[in-house]
Amino acid sequence: MGLGPRSPHRAGRGVPAGGKRGRGAKGSGRPPPGRGHCPPAEGSSEPALAAHPHLSPEALGYFRRALSALKEAPEPGAERELMVHNVLKEVEAQALALATNRTGSEIMQELLGFSPLKSLCRIWATLRPSLRLVACHRCGVHVLQSALLQLPRLLGSLAEKEEEEDVEEEDGKDGPLETLEELVLGLASEVCDDFLFYCGDTHGSFVVRTLLQVLGGTLLESERARHRGSQSPDTQRAPARECKPTDFEVPKTFLNHLQDLSSCFLKDIAVFITDKISSFCLQVALQILHRKLPQFCAHLCSAVISYLSSRNSSADGSPLLLFLRDQTSSRLLEQVLLVLEPLRLQSLFEDHFQGQLQALAAHPIANFPLQRLLDAITTRELLSPVFEELSPALEAVLAQGHSGVVIALVGACRRVGAHQAQVLQLLLEAFHCAEPSSRQVACVPLFATLMAYEVYYGLLEEEGVVPTEHQVEMAMAQALGEVTVLGSLLLQHLLHFSSPGIILQSLGALTGPQLLTLAQSPAGSHVLDAVLTSPSVTRKQRRRVLKTLKGQYVALACSRHGSRVLDAIWSGAALGARKEIAAELGERDQELIRDPFGHHVARNVALTTFLKRREAWEQQQGAVAKRRRALNSILED
């Protein structure tokens with residue numbers, strides 16, 4: 001049982017031909033000028049391979065040393081500002097050569113992070129005549145992205161106001177320097193004029209996606225990760241629900257241009273639905289518009305659904321079902337489902353999904369948009385028919401390895417607050433631990449590892465034979481299996497149900513070493529987080545589960561993930577419990593201090609004070625507990 005991977009398109013950085021690293025020149029003089037280049041042929045739709053200047057090894061060495069010097073430079077001051085100004089002057093002089101060189105591009109991206117407003121504008125203006133070349137270059141595109149991502153730092157800052165005051169003093173011979181706002185809007189206009197080309201280009205689409213975020217004043221975590229070079233399949237597969245947007249203020253003109261740019265999707269909607277590269281741009285646009293221009297987002301979603309619904313009908317129902325099974329369009333539909341308003345989502349379900357949920361859950365591609373549908377459910381009116389249709393196939397879906405569908409359904413029950421007892425009973429039956437009732441105490445290891453009872457314990461049970469009673473001795477003697485990410489998510493949802501008694505009873509039945517294994521697991525540690533934070537878990541229930549960890553605190557403290565769990569336990573512990581933890585840790589204080597994780601726990605517990613000045617430690621912890629109670633009282637009010 002598991003969530004099978006898909007194979008998304010990868011648009012990572014490549015190595016340009018002949019992109020060897022040169023040795024840095026000795027000394028600290030200015031970099032020698034780059035060689036000239038031939039402009040691309042007029043009317044050419046693709047930038048020529050030789051259409052960018054060459055960056056000499058000496059120049060590359062200079063910029064490498066300059067970046068290193070800036071990183072080691074003193075705190076912001078006149079000396080540092082002068083150094084930044086001088087280095088960025090040289091960057092401006094060789095901007096195109098740097099941007100289109102593999103190593104030079106990486107250096108330039110870091111240097112832009114030091115750039116004040118005016119220097120960034122000058123460098124941007126230098127690259128603007130070669131926009132298509134840079135935007136569609138495997139290295140240059142990341143420089144443009146980096147320049148755009150400086151806007152949250154620079155836009156509307158005091159630096160902008162101060163530097164605009166002396167624009168006339170530093171205007172170049174080519175005329176007045178454009179403001180940052182004008183440069184961004186100029187880029188948006190140029191992209192809008194050739195929108196289909198930029199969205200369809202492997203590298204140019206990155207610029208479009210970043211530009212959409214900047215115009216909307218929202219940066220998506222998934223896109224920032226891609227810019228930092230994370231092009232692994234896992235990153236590309238990350239569902240949109242995992243994005244953590246960061247908002248920043250933008251001028252009103254940006255939102256106007258965001259709508260203008262997004263209108264371009266409507267002109268060629270079929271391309272953006274079916275083309276793998278272009279589809280990414282529409283997916284990002286929907287996320288931004290949902291936050292900043294919800295009405296236009298709804299209009300765009302309607303256009304997508306109308307187009308898909310107008311295609312040839314499938315043999316088994318709505319034409320939309322064909323696209324749910326397609327690698328590219330299904331990803332777009334996932335995003336559409338996440339941004340639809342509840343009433344529109346209800347209508348979409350009734351028109352296209354109802355009666356097809358079990359078939360979609362079994363499909364290797366269509367089960368992903370089904371998960372997003374479940375993630376988007378916020379009303380009992382929609383959850384009830386979905387649950388009624390999908391719940392009978394729960395065990396079959398798990399057996400097919402599409403556990404994500406089940407997790408999403410359980411998450412919807414948690415969010416809406418309905419069908420919780422029913423789904424828990426179905427899970428117990430699916431994992432073969434509902435009957436006899438003695439088996440229910442083993443549900444946590446089964447859910448955590450996503451294994452049925454007889455598989456987990458290695459039993460040979462024939463179909464139709466009455467299941468055997470649970471053997472407590474056997475369960476206590478067996479080490480906890482490997483906790484899966486989806487198994488951890490399942491347990492976290494169940495612990496937030498209104499009545500998590502069965503799960504807590506099963507957690508309490510784990511031995512100390514088994515609970516320690518759970519706490520030390522990267523995924524399993526979050527199960528204990530849920531025990532500590534769920535409003536459905538009482539103090540008494542929490543203590544009953546955690547008391548099993550007595551005798552395991554040192555091992556917990558010396559673990560990467562276990563130490564985090566111990567810190568969380570410590571934060572919520574009363575003075576008496578803190579004394580017990582500190583006393584157990586104090587017996588092996590030297591081992592803790594030498595451990596890379598344990599010494600942080602020792603410091604957090606104030607272990608040295610506990611061992612040498614017990615009275616002072618108790619006063620200190622009493623004061624901390626008093627402040628915590630006062631804060632909790634304020635929060636409750």
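The values are calculated or read from the model by the stated rules, or taken from the named source; none is laboratory data. Everything quoted here is computed from the prediction, not taken from an experiment. For neighbour counting, all protein chains shown are included, and Cβ atoms are generated from backbone atoms with ideal geometry for every residue, glycine included. For accessibility, only protein heavy atoms count, side chains too; no ligands or nucleic acids. Shrake-Rupley method; radii C 1.70, N 1.55, O 1.52, S 1.80 Å.
Brief remarks follow.
- Full-extension gain in nm, Ser310 to Leu532, via 0.36 nm per residue minus C-alpha separation: 74.9 nm
- Per-residue 3J(HN,Hα) values for region 84-101, derived from phi via the Karplus relation 6.51 cos²θ - 1.76 cosθ + 1.60 with θ = phi - 60°, read 4, 4, 5, 5, 5, 4, 5, 4, 4, 5, 10, 4, 5, 5, 5, 5, 9, 10 Hz in sequence order (x marks Gly and Pro).
- Alpha-carbon Debye profile of region 516-605, log10 I(q)/I(0) at 0.12, 0.22 Å⁻¹: -0.32, -1.09
- Taking the empirical scaling 2.2 N^0.38 Å for compact globular proteins as reference, region 437-530 has a Cα radius of gyration ratio of 1.06.
- Where a label projected 7 Å from the Cα of Leu459 along Cα→Cβ would reach, residues of region 499-515 with amide N under 19 Å: 503, 506-507, 509-511
- Ordering of 465-478, 115-128 by burial proxy (mean other Cβ atoms within 10 Å per residue, highest first): 115-128, 465-478
- The chymotrypsin sites (Phe, Trp or Tyr not before Pro) of region 448-547 include none that DSSP puts in a loop with a beta carbon having at most 14 other beta carbons within 10 Å.
- Over the C-alpha trace of region 464-510, radius of gyration and Dmax come out as 13.3, 35 angstrom.
- Solvent-accessible ranking of Asp201, Asp247, Asp326, largest area first, probe 1.4 Å: Asp247, Asp326, Asp201
- Positive minus negative residues near Leu131 (Lys, Arg vs Asp, Glu; Cβ under 10 Å): 0
- Segment Glu341-Ile269, length gained on full extension (0.36 nm per residue, minus Cα span): 23.8 nm
- Packing-based order for 565-576, 180-191, using average beta carbon neighbours within 10 Å, highest first: 180-191, 565-576
- Once the Cβ-Cβ distance of Ala421 and Ala78 is raised to the sixth power relative to R0 = 51 Å, the FRET efficiency obtained is 0.15.
- Arg65, Arg325, reordered so the largest accessible area comes first (probe 1.4 Å): Arg65, Arg325
- Shape class of region 348-493 from the Cα gyration tensor (axes a ≥ b ≥ c, square roots of the eigenvalues): prolate, since a/c reaches 1.5 or more and a/b is larger than b/c.
- In sequence order, region 293-308 has phi-based couplings of 9, x, 5, 5, 4, 4, 5, 5, 4, 4, 5, 5, 5, 5, 5, 5 Hz under the Karplus curve 6.51 cos²θ - 1.76 cosθ + 1.60, θ = phi - 60°, and Gly or Pro positions carry x.
- Heavy-atom accessible area order for Met108, Met83, largest first, 1.4 Å probe: Met83, Met108
- Phi angles across region 371-376 convert, under the Karplus curve 6.51 cos²θ - 1.76 cosθ + 1.60 with θ = phi - 60°, into 3J(HN,Hα) values of 4, 5, 4, 5, 5, 8 Hz, Gly and Pro given as x.
- Peptide packing: for 142-153, 595-606, the average count of neighbouring Cβ atoms within 10 Å per residue gives the ranking 142-153, 595-606, highest mean first.
- Rounded if a/c under 1.5, otherwise prolate or oblate - region 83-134, Cα gyration tensor axes: oblate
- Model label sites at Glu389 and Ser571, defined 7 Å from Cα along the beta-carbon direction, differ in position by 4.1 nm.
- Per residue, the solvent-accessible area of region 450-574 (1.4 Å probe, heavy atoms of protein chains only, all protein chains present) comes to 48 Å².
- Surrounding net charge for Gln422, when Lys and Arg each add one and Asp and Glu each subtract one, Cβ distance under 12 Å: -2
- Placing dummy labels 7 Å off each Cα toward the beta-carbon, the span from Asn86 to Thr202 is 4.1 nm.
- Environment charge at Gly200 (Cβ cut-off 11 Å; Lys +1, Arg +1, Asp -1, Glu -1): -3
- Inter-label distance for Gln590 and Asp247, nm, one decimal - labels placed 7 Å from Cα along Cα-to-Cβ: 5.6 nm
- Shape call, region 418-483: gyration tensor on alpha carbons, a/c limit 1.5: oblate
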